[in-house]
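Every number here is computed from the coordinates shown, using simple stated rules; none is lab data. Computed from a prediction, not measured in an experiment: that's the story for all the values here. For neighbour counting, all protein chains shown are included, and Cβ atoms are generated from backbone atoms with ideal geometry for every residue, glycine included.
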Amino acid sequence: MTISENFQIQLAAPSVDDFLLLREKVGWQNVSVNDVKISLKNSLFHITVYAQDQLVGMGRVVGDGVMYFYIQDIVVHPEHQGLGIGSIIMEQIEIYLSNTAVANATVGLLSVKGKEAFYARYGYITRPNAALGHGMCKFV
């Protein structure tokens, strides 16, 4: 799959080094190499986007693989944002979920502040709303 001649899409995990470098480029806190290895290995689905040999975008899904899924690490290198890479990543994740999740499965994600409308395009709802309370998280 290709977005253009300049980008290549792979349905594979990134290398640990590429993952850490991309996180650094967007200002996310990095974790240990060993923790990244385990986390990437235990993910259910990966999509990576490369410009030549540089990782410029990625996303992954974690969860139990049947009823509960969590979209994680949707990230695009700052120099490549606004080119549709995030949309390609989410479209591939949605294809994976439609082929994998059982009826009434739950798919969750945490949006970066200000990016909620991006995920709403794929049917994700903001909480709280009339039916659901606040989504919550805990950082350890």
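Can you list residues whose amide H is under 5 Å from His77's amide H, if they're 5+ apart or on another chain and H is modeled 1.01 Å from N?
For His77, whose amide H was placed from the backbone, the distant partners under 5 Å are Gly57.
How would Phe69, Phe7 line up from fewest to most surrounding beta-carbon atoms within 10 angstrom? It would help to have the intermediate numbers written out before the result.
Details: Phe69 23, Phe7 19.
Going from least to most buried by this count: Phe7, Phe69.
Need the full-extension length gain, Lys37 to Glu24, defined as separation in residues times 0.36 nm minus the C-alpha distance. One decimal, nm. Walk me through the intermediate numbers first.
Values: separation 13, 0.36 × 13 = 4.68 nm, distance 1.65 nm.
Here the answer is 3.0 nm.
How much length is gained if the chain between Gln10 and Tyr68 is pulled fully straight, taking 0.36 nm per residue apart and subtracting their Cα-Cα distance, in nm to one decimal? Don't jump to the answer; show the numbers that get you there.
On the way: separation 58, 0.36 × 58 = 20.88 nm, distance 2.38 nm.
Result for the pair: 18.5 nm of gain on full extension.
What number comes out for the charge environment of Ile47, summing +1 per Lys or Arg and -1 per Asp or Glu over other residues with Cβ under 12 Å away? Numbers along the way, then the final one.
On the way: positive: Arg60; negative: Asp73, Glu91, Glu94.
Result for the local shell: -2.
Which residue fluctuates the most in the chain, going by a Gaussian network model with Cα springs under 10 Å, if the choices are Arg121, Arg60, Arg23?
In the Gaussian network model the winner is Arg121.
Excluding residues on the same chain fewer than 8 positions from Lys138, give the lysines whose Cα lies under 21 Å from its Cα.
Lys113, Lys115
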